[in-house]
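Read the structure below first, then the notes.
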Amino acid sequence: MNGDTAKDLMSAGCQCIQAEETLDRAAQLMREMNVGALPICGSDDRLKGIITDRDIIVKCIAEGRDPARTTAGELATGLVWVPAEASVEEALSKMEQNQIKRLPVIENGRIVGMISEADLAKNLPDDKLADFVHRVYARA
């Protein structure tokens, strides 16, 4: 794992939702792809943020907003990412500092994948994974 990069750790083939798409469409994509988060991209294919299933529930539905009329761009948060060549340690550090469980990976200005907890579980030694989980969830 010493020379591994964020690109080695990530799940590739990440599908974006366009910023102007509605949250009901975001929820449908999440269901179809069996994921809990989607990167939000603008018309220029550049990362604008990330939206999670929890964001849709807490920031839209629980506030009485209509997911068919609210766009992903309106809830775009967390413009936190890591370059593809970043070390695994850098990626973990960024996730811990920002208390996030998913991290977009960017190469040549475009999103190429996402690092999730499942990726960490598959690739990290147990002690390092336990340390990460403790740091991210301890403050949550």
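The values are calculated or read from the model by the stated rules, or taken from the named source; none is laboratory data. Computed from a prediction, not measured in an experiment: that's the story for all the values here. Backbone-built Cβ (ideal geometry, glycine too); neighbour counts: all protein chains shown. Surface accessibility is based on the protein's heavy atoms, side chains included, excluding ligands, DNA and RNA. Shrake-Rupley method; radii C 1.70, N 1.55, O 1.52, S 1.80 Å.
Heavy atoms of the protein chains alone define the surface here; on that basis the chain has 54 Å² accessible area per residue at 1.4 Å probe size. Among the listed values [x] 45, 32, 29; [y] 51, 37, 28; [z] 46, 34, 25, the one matching Cα extents along the principal axes in Å as calculated from this structure is [z]. Only lysine pairs 8 or more places apart or on separate chains count here, and in the chain those with Cα atoms under 17 Å apart total 6.
Counting only Cβ charges, +1 for Lys and Arg and -1 for Asp and Glu, the dipole size of the chain around its Cα centre is about 300 debye. Helix 88-98 axis versus longest C-alpha principal axis of the chain: approximately 50°, rounded to the nearest ten. Applying a DSSP loop filter and a limit of 14 other Cβ atoms within 10 Å to the GluC sites (Glu not before Pro) in the range 36-140 leaves Glu63, Glu85.
What percentage of the solvent-accessible surface of the chain, computed with a 1.4 Å probe over protein heavy atoms, is contributed by carbon and sulfur atoms?
Result for the chain: 47 percent of the exposed heavy-atom area is carbon or sulfur.
Dividing the Cα radius of gyration by the Kirkwood radius, what Rg/Rh value follows for the range 1-56? When Rh is taken as the Kirkwood radius, the ratio is 1.05. Label-to-label distance for Ala62 and Thr77 is 0.9 nm, based on points extended 7 Å past Cα in the beta-carbon direction. By the Cβ distance rule (another cysteine Cβ under 4.7 Å), the unpaired cysteines of the chain are Cys14, Cys60.
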